[in-house]
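Peer 1: Can you read through this structure? Questions will come right after.
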Amino acid sequence: MNPYIDLTIIAAKTAILVLGGSITYYALRAYDRTGDRSLRELGIGFGIVTVGALLGGVSHQIIGADLAVGIAVDGLLTAVGFGVIVYSLYLE
(Lines give C-alpha, C1' and ligand atoms only; values in the text may rest on other atoms or scores of the structure.)
Protein backbone atom coordinates (compact mmCIF):
# COMPACT_ATOMS: atom_id res chain seq x y z
CA MET A 1 0.00 0.00 0.00
CA ASN A 2 1.08 3.55 -0.65
CA PRO A 3 2.86 4.95 2.45
CA TYR A 4 1.13 8.32 1.92
CA ILE A 5 -2.24 6.61 2.24
CA ASP A 6 -1.15 4.98 5.50
CA LEU A 7 0.09 8.33 6.82
CA THR A 8 -3.16 10.02 5.80
CA ILE A 9 -5.22 7.33 7.55
CA ILE A 10 -3.14 7.65 10.71
CA ALA A 11 -3.41 11.46 10.70
CA ALA A 12 -7.17 11.38 10.11
CA LYS A 13 -7.81 8.76 12.80
CA THR A 14 -5.65 10.70 15.26
CA ALA A 15 -7.61 13.89 14.57
CA ILE A 16 -10.89 12.01 15.00
CA LEU A 17 -9.66 10.54 18.28
CA VAL A 18 -8.62 13.93 19.67
CA LEU A 19 -11.66 15.88 18.47
CA GLY A 20 -14.20 13.14 19.14
CA GLY A 21 -12.69 12.54 22.56
CA SER A 22 -12.99 16.25 23.31
CA ILE A 23 -16.65 16.36 22.27
CA THR A 24 -17.35 13.26 24.36
CA TYR A 25 -15.57 14.71 27.39
CA TYR A 26 -17.36 18.07 27.24
CA ALA A 27 -20.79 16.51 26.65
CA LEU A 28 -20.36 14.17 29.62
CA ARG A 29 -19.00 17.01 31.74
CA ALA A 30 -22.08 19.08 30.84
CA TYR A 31 -24.25 16.10 31.81
CA ASP A 32 -22.52 15.95 35.21
CA ARG A 33 -23.21 19.66 35.73
CA THR A 34 -26.82 19.70 34.56
CA GLY A 35 -28.08 16.13 34.93
CA ASP A 36 -29.66 16.42 31.45
CA ARG A 37 -29.99 12.87 30.04
CA SER A 38 -29.79 14.12 26.46
CA LEU A 39 -26.24 15.37 27.11
CA ARG A 40 -25.27 11.97 28.47
CA GLU A 41 -26.65 10.24 25.38
CA LEU A 42 -24.94 12.80 23.14
CA GLY A 43 -21.61 12.05 24.85
CA ILE A 44 -22.16 8.30 24.53
CA GLY A 45 -23.01 8.67 20.84
CA PHE A 46 -19.89 10.67 20.07
CA GLY A 47 -17.88 8.21 22.15
CA ILE A 48 -19.13 5.32 20.02
CA VAL A 49 -18.28 7.20 16.80
CA THR A 50 -14.80 7.96 18.16
CA VAL A 51 -14.18 4.37 19.28
CA GLY A 52 -15.37 3.15 15.88
CA ALA A 53 -12.81 5.30 14.11
CA LEU A 54 -10.11 4.14 16.51
CA LEU A 55 -10.97 0.45 16.12
CA GLY A 56 -11.23 0.79 12.34
CA GLY A 57 -7.75 2.31 12.20
CA VAL A 58 -6.26 -0.14 14.69
CA SER A 59 -7.68 -3.15 12.86
CA HIS A 60 -6.00 -2.02 9.65
CA GLN A 61 -2.77 -0.40 10.86
CA ILE A 62 -1.85 -2.56 13.85
CA ILE A 63 -3.66 -5.88 13.51
CA GLY A 64 -3.12 -5.97 9.74
CA ALA A 65 -6.70 -6.63 8.69
CA ASP A 66 -7.79 -5.62 5.21
CA LEU A 67 -8.66 -1.97 4.72
CA ALA A 68 -12.22 -3.09 3.94
CA VAL A 69 -12.52 -4.64 7.42
CA GLY A 70 -11.37 -1.39 9.01
CA ILE A 71 -13.86 0.58 6.94
CA ALA A 72 -16.65 -1.84 7.88
CA VAL A 73 -15.88 -1.60 11.62
CA ASP A 74 -15.63 2.18 11.42
CA GLY A 75 -18.84 2.46 9.39
CA LEU A 76 -20.86 0.16 11.63
CA LEU A 77 -19.90 1.93 14.84
CA THR A 78 -20.36 5.34 13.22
CA ALA A 79 -23.91 4.37 12.25
CA VAL A 80 -24.66 3.14 15.78
CA GLY A 81 -23.13 6.28 17.31
CA PHE A 82 -25.12 8.55 15.01
CA GLY A 83 -28.26 6.63 15.99
CA VAL A 84 -27.54 7.37 19.65
CA ILE A 85 -26.87 11.04 18.80
CA VAL A 86 -30.21 11.30 16.97
CA TYR A 87 -31.91 9.69 19.97
CA SER A 88 -30.27 12.24 22.27
CA LEU A 89 -31.80 15.05 20.23
CA TYR A 90 -35.30 13.66 20.77
CA LEU A 91 -35.02 13.30 24.56
CA GLU A 92 -36.88 15.83 26.63
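Peer 1: To the nearest 0.05, how large is the calculated FRET efficiency for Ala79 and Arg29 if R₀ is 22 Å and r is the Cβ-Cβ distance?
Peer 2: Step by step, r from the Cβ atoms, then E = 0.30.
Peer 1: What is the chain's relative contact order, in percent, from Cα pairs under 8 angstrom and six or more apart in sequence? Walk me through the numbers on the way to the answer.
Peer 2: Details: 114 pairs, mean separation 28.0, N = 92.
Once divided by the residue count of the chain, the mean separation gives 30 percent.
Peer 1: A further question on this structure: Tell me, what % of the accessible area of the range 1-64 is carbon and sulfur with a 1.4 angstrom probe? If you can, show how the numbers build up before the last one.
Peer 2: Values: 2780 of 3980 Å².
That share works out to 70 percent.
Peer 1: To the nearest 10 degrees, how steep is helix 3-34 against the longest Cα principal axis of the chain, on a 0 to 90 scale?
Peer 2: On a 0 to 90 degree scale, this one is about 10.
Peer 1: Follow-up. If the viscosity is 1.567 mPa s and the temperature 4 °C, what Stokes-Einstein diffusion coefficient in µm²/s follows for the range 50-92 when Rh is the Kirkwood radius over Cα pairs?
Peer 2: Values: Rh = 10.8 Å.
Stokes-Einstein gives a translational diffusion coefficient of 120 µm²/s.
Peer 1: Rg and Dmax of the chain, Cα atoms, in Å?
Peer 2: Looking at the chain, its Cα Rg and Dmax stand at 14.8, 48 Å.
Peer 1: Hey, can you find the accessible area per residue of the chain for me, probe 1.4 Å, expressed in square angstrom?
Peer 2: With the other protein chains kept in place, the chain gives 64 Å² per residue.
Peer 1: Return the calculated 222 nm mean residue ellipticity for the chain, to the nearest 500 deg cm²/dmol, obtained by summing -39500 (n - 2.57) across DSSP H runs with n ≥ 4 and dividing by the residue count.
Peer 2: Only helices count here, giving -31500 deg cm²/dmol.
The values are calculated or read from the model by the stated rules, or taken from the named source; none is laboratory data. Everything numeric here is computed off the predicted structure, so don't read it as measured data. FYI the Cβ positions are ideal-geometry reconstructions off the backbone, even for glycines, and counts take in every protein chain you see. Accessible surface is based on the protein model in full, side chains and every heavy atom, while ligands, DNA and RNA are left aside. Shrake-Rupley method; radii C 1.70, N 1.55, O 1.52, S 1.80 Å.
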